[in-house]
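The values are calculated or read from the model by the stated rules, or taken from the named source; none is laboratory data. In this text, all values refer to a predicted model and were calculated from it rather than measured experimentally. FYI the Cβ positions are ideal-geometry reconstructions off the backbone, even for glycines, and counts take in every protein chain you see. All accessible areas refer to the heavy atoms of the entire protein, side chains included, with ligands and DNA or RNA removed. Shrake-Rupley method; radii C 1.70, N 1.55, O 1.52, S 1.80 Å.
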Amino acid sequence: MSNDDLIQTLAGIPPGSELAESRQFRRAATEHTQGSYQALFRSGTDAFPLAARAAIAAQVADWHRAETLSRHYQTLAVGVEQTPLLAAAVEFAHRLTFEPVSASAQHVHQLQQSGWQTEALITLAQLIGFVSFQSRLIYGFSLLARLPQTAREEGEKVPEVKAGRWHTQPRTSTYRRAPQAFTRKELGWEPWLTPKPYDAFTQQQQEVLVRFGHQHSDYFLLLGHDQPVLEQRTLTDKGIFYTPGGLTRAERELAATVVSKVNGCIYCASVHARKASQLAKKPEEVALLLQVQPGDALSAGQSERWQIEIEAVAALSLTPPRLTEQHLYALQQLPLTTLEITDLIQSAAFFAWANRLMLTLGESFIPEPSPQESEEKTTSA
């Protein structure tokens, strides 16, 4: 099996097909998805050996029912030792896979107490998030690759995907005010682990952080404990969301918002709903999406185009995914091109990764107004 493009191999994407050409057009996303895989699985460390990484990845892929991916990782897990450290990691992986919103600072600290040091723990979280992303790419692309032979105009009606639950506690673990509902307002995010100090990075690593604008972000300095993975992940993100042609940027941001509603990530939704609203110039529609309550249909009240896109993205975001050929056929009938559907799948899959990091390594908070802002508000009142 060639590992030069693991997604193409495991999804069975025929060379020269429209899907293969679309992924080549999105070369940066394709190359850095592979680069992320290599950063995580080319080798291991004493604290987190390759066999242990592969064993956890195989289990996460199995939970997603990604059989070819699970078998691939099983071949790398030869000689893995079943230890209490590995058992704690698998338990953590189960939470991140099925209900990342249930994670708390206590769960991360329990993992530390079991022997996981911060650097290895960050790699573990990245690994689980990456395999969640990878599984959805393989699932979505394998459906799309065979769609012309299998899709039918008439088919079984697919069930609507409902909004997931989210955090409603009034305070964070450090007693800051916490958001209790989805919003487009700017939020802060505080980590449950200590970020790596900027001065602790080498000069070359600092230059990478500055190039991406990460040098002042607790989130990215925390992920910087494993900078090779962070760099490849950032380049994958940019290759998916900041490239010309194909699906509109607003609809890519819509996909990120929908996934965040499924997973209950208020912070991610606040950032990407704000972008979707601005780019699409549809603030009412985005607000309607954000207001959907747990257990209610995510696409209710939206335009036909957004309904079809929301339903496809939400179905792909479940664990295991429930995207169907009928979802993809409906996207084609809008019509969306193969490149646009590729963009939608990649945008949705990436936020399976992003949400799992944001929800399990820290939490969002409502920034307090500065003294000047408070004074101006009092004066105006």
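Do the conditions hold for Arg211, that is, is it part of a helix (DSSP H, G or I), without any contact (Cβ under 8 Å) to a residue 24 or more places away in the chain, of a type in the set (Lys, Arg) and closer than 23 Å to Ala29 by Cβ?
Yes: the conditions hold for Arg211.
With (1) of a type outside the set (Lys, Arg); (2) part of a helix (DSSP H, G or I); (3) at pLDDT below 95 as the list, and Glu368 as the residue in question, which single condition is left unmet?
Status for Glu368: all satisfied but (2).
Report yes if some residue within region 122-137 is open to solvent by less than 50 Å² (accessible area, probe 1.4 Å) and part of a loop (DSSP other than H, G, I, E, B); otherwise report no. Talk me through it step by step, then tell me what you get.
Keep residues of region 122-137 that are open to solvent by less than 50 Å² (accessible area, probe 1.4 Å), which gives 122-137.
Checking which are part of a loop (DSSP other than H, G, I, E, B) leaves us with none.
Within region 122-137, none of the residues are open to solvent by less than 50 Å² (accessible area, probe 1.4 Å) and part of a loop (DSSP other than H, G, I, E, B).
Quick check: anything in region 45-54 surrounded by fewer than 17 Cβ atoms within 10 Å (Cβ to Cβ) and closer than 28 Å to Pro321 by Cα?
Yes, the conditions are met somewhere in region 45-54.
Does Glu91 qualify as being charged (D, E, K, R) and either in contact with a His (Cβ under 9 Å, 6 or more places away or on another chain) or modelled with pLDDT of 95 or more (or both)?
When the stated conditions are applied, Glu91 passes them.
Could you go through region 218-226 and let me know if any residue there is among the acidic types (Asp, Glu) and over 29 Å from Ser104 (Cβ atoms).
There is no residue in region 218-226 that is among the acidic types (Asp, Glu) and over 29 Å from Ser104 (Cβ atoms).
Starting from region 290-306, take each residue that is farther than 17 Å from Ala181 by Cβ and in a loop (DSSP other than H, G, I, E, B) and list its partners that are acidic (Asp, Glu) and open to solvent by less than 50 Å² (accessible area, probe 1.4 Å), counting only C-beta distances under 9 angstrom and pairs at least six apart or across chains.
Going by the 9 Å Cβ cut-off, the qualifying pairs are Ser299/Glu309; Gln302/Glu309.
Please find, among Leu336, Leu328, Leu316, Leu357, the residue that is more than 22 Å from the chain's Cα centre (by Cα), buried (at least 21 other Cβ atoms within 10 Å of the Cβ) and within 24 Å of Ser135 (Cβ to Cβ).
So the residue among Leu336, Leu328, Leu316, Leu357 that is more than 22 Å from the chain's Cα centre (by Cα), buried (at least 21 other Cβ atoms within 10 Å of the Cβ) and within 24 Å of Ser135 (Cβ to Cβ) is Leu336.
List the pairs whose first member sits in region 72-90 and is over 12 Å from Gln59 (Cβ atoms), whose second member is loosely packed, with under 14 Cβ neighbours inside 10 Å and at pLDDT below 95, and whose Cβ atoms are under 9 Å apart, counting only residues at least 6 apart or on separate chains?
As it stands, the answer is His72/Met1; His72/Asn3; Thr75/Met1, since those pairs meet every condition given.
Tally the residues that are open to solvent by 30 Å² or more (accessible area, probe 1.4 Å) and out of contact with any strand residue (DSSP E or B) (no Cβ under 9 Å at 6 or more places or on another chain), restricting the search to region 83-119.
Qualifying residue count, region 83-119: 21.
Condition check ((1) without any contact (Cβ under 8 Å) to a residue 40 or more places away in the chain; (2) among the polar types (S, T, N, Q)) across all residues:
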residue	(1), (2)
Glu160	no, no
Tyr175	yes, no
Pro179	no, no
Phe182	no, no
Leu187	no, no
Trp192	no, no
Tyr198	yes, no
Phe201	yes, no
Gln205	yes, yes
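Given the conditions (1) on the phi > 0 side of the Ramachandran plot; (2) in contact with a Phe, Trp or Tyr (Cβ under 7 Å, 6 or more places away or on another chain), which single one is not true for Gly79?
So Gly79 meets the others, but not (2).
Being under 27 Å from Ser102 (Cα atoms) and part of a loop (DSSP other than H, G, I, E, B) is the filter here, so list the residues in region 264-289 that pass it.
Residues satisfying the conditions are Gly264, Cys265.
What are the residues in region 161-184 that are in contact with a Pro (Cβ under 7 Å, 6 or more places away or on another chain) and of a type in the set (S, T, N, Q), if any?
Gln180
Could you list, in sequence order, all residues of region 198-254 that are on the phi > 0 side of the Ramachandran plot and either under 18 Å from the mean Cα position of the chain (by Cα) or open to solvent by 50 Å² or more (accessible area, probe 1.4 Å) (or both)? Give the steps one after another, and end with the answer.
Initially, region 198-254 is screened for residues on the phi > 0 side of the Ramachandran plot, giving 213, 245-246.
If the condition is that a residue be on the phi > 0 side of the Ramachandran plot and either under 18 Å from the mean Cα position of the chain (by Cα) or open to solvent by 50 Å² or more (accessible area, probe 1.4 Å) (or both), then Gly213 is the only one that fits.
For region 23-34, what are the residues that are crowded, with 19+ Cβ neighbours inside 10 Å and assigned to a helix (DSSP H, G or I)? Break it down stepwise before answering.
Looking only at region 23-34, we keep the residues that are crowded, with 19+ Cβ neighbours inside 10 Å, and these are 23, 26, 29-30, 32-33.
Of everything in region 23-34, those that are crowded, with 19+ Cβ neighbours inside 10 Å and assigned to a helix (DSSP H, G or I) turn out to be Arg23, Ala29, Thr30, His32, Thr33.
Any residue in region 58-79 that is at pLDDT below 95 and open to solvent by 20 Å² or more (accessible area, probe 1.4 Å)? Explain how you work it out, then say what you get.
Taking region 58-79 first, the residues at pLDDT below 95 are 78-79.
Among the residues that remain, those that are also open to solvent by 20 Å² or more (accessible area, probe 1.4 Å) are: 78-79.
For region 58-79, residues at pLDDT below 95 and open to solvent by 20 Å² or more (accessible area, probe 1.4 Å): present.
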